[in-house]
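Single-structure report; data block below.
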Amino acid sequence: MLMKRKQNGFSLIELLIVVAIILIIASIAIPNYMRSRLVANESSAAESLRTINTASVTYSTTYPGQGYPATLAALGGPSPCPGATPAASCLLDSVLSAGTKAGYTFVYTGDGLTPSVSYAVTATPISLGISGQRMFCTDQTSVIRFDPTGAGCNGASLAIQ
């Protein structure tokens, strides 16, 4: 009389088939995830520039003797804000006023005048093609512009519609 052995677990072939299916699904999902993250970072950068423009106008209205702020840090401040000053106006959160957010680096350049009448801000991807593809820029006109190559955004670049 032959006894049948009870099979416990999976055979090697079954495991290889499952692993192959998981790899196929991952090869489809990961590029889509990376692309959606890149687009989200670019949207965040453009929105952050809008926020910086609004904060700069508010700053110049609040401190007319200063005009626009001299630095991006002057738009930030501690949280909670004990009291706004020209050096720490508490108009931006600490992440954005530090100059890095969502895969982009923000550089604020004032004109060096008192009262300041102009400024420029650039948003550059930290890792071109990974954290973002386009470079963004704006100035006191509040028009947000972009450069599709990721470098060299200026006042002549295409405006976001």
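Of the residues that make up segment 14-33, is at least one of a type outside the set (Asp, Glu) and closer than 26 Å to Thr141 by Cβ? No: segment 14-33 contains no residue that is of a type outside the set (Asp, Glu) and closer than 26 Å to Thr141 by Cβ.
Could you pull out the residue among Pro78, Pro64 that is in a loop (DSSP other than H, G, I, E, B), at pLDDT 95 or above and surrounded by fewer than 19 Cβ atoms within 10 Å (Cβ to Cβ)? Steps first, answer last, please.
Details: Pro78 fails: at pLDDT 95 or above.
It is Pro64.
Hey, does segment 93-115 have a residue that's assigned to a loop (DSSP other than H, G, I, E, B) and of a type in the set (A, V, I, L, M)? Yes, there is a match, as at least one residue in segment 93-115 is assigned to a loop (DSSP other than H, G, I, E, B) and of a type in the set (A, V, I, L, M).
One residue stands out in segment 107-136 among those that are crowded, with 19+ Cβ neighbours inside 10 Å and without any contact (Cβ under 8 Å) to a residue 60 or more places away in the chain: the one that is farthest from Ala70 (Cα to Cα), namely Met135.
Scanning segment 23-57 for residues that are in contact (Cβ under 8 Å) with a residue 24 or more places away in the chain and either over 22 Å from the mean Cα position of the chain (by Cα) or exposed (fewer than 13 other Cβ atoms within 10 Å of the Cβ) (or both) gives a single hit, Met34.
The values are calculated or read from the model by the stated rules, or taken from the named source; none is laboratory data. Being a predicted model, the structure only gives us computed values, none of them experimental. Reconstructed Cβ throughout: ideal geometry from the backbone, glycine too, with neighbour counts over all protein chains shown.
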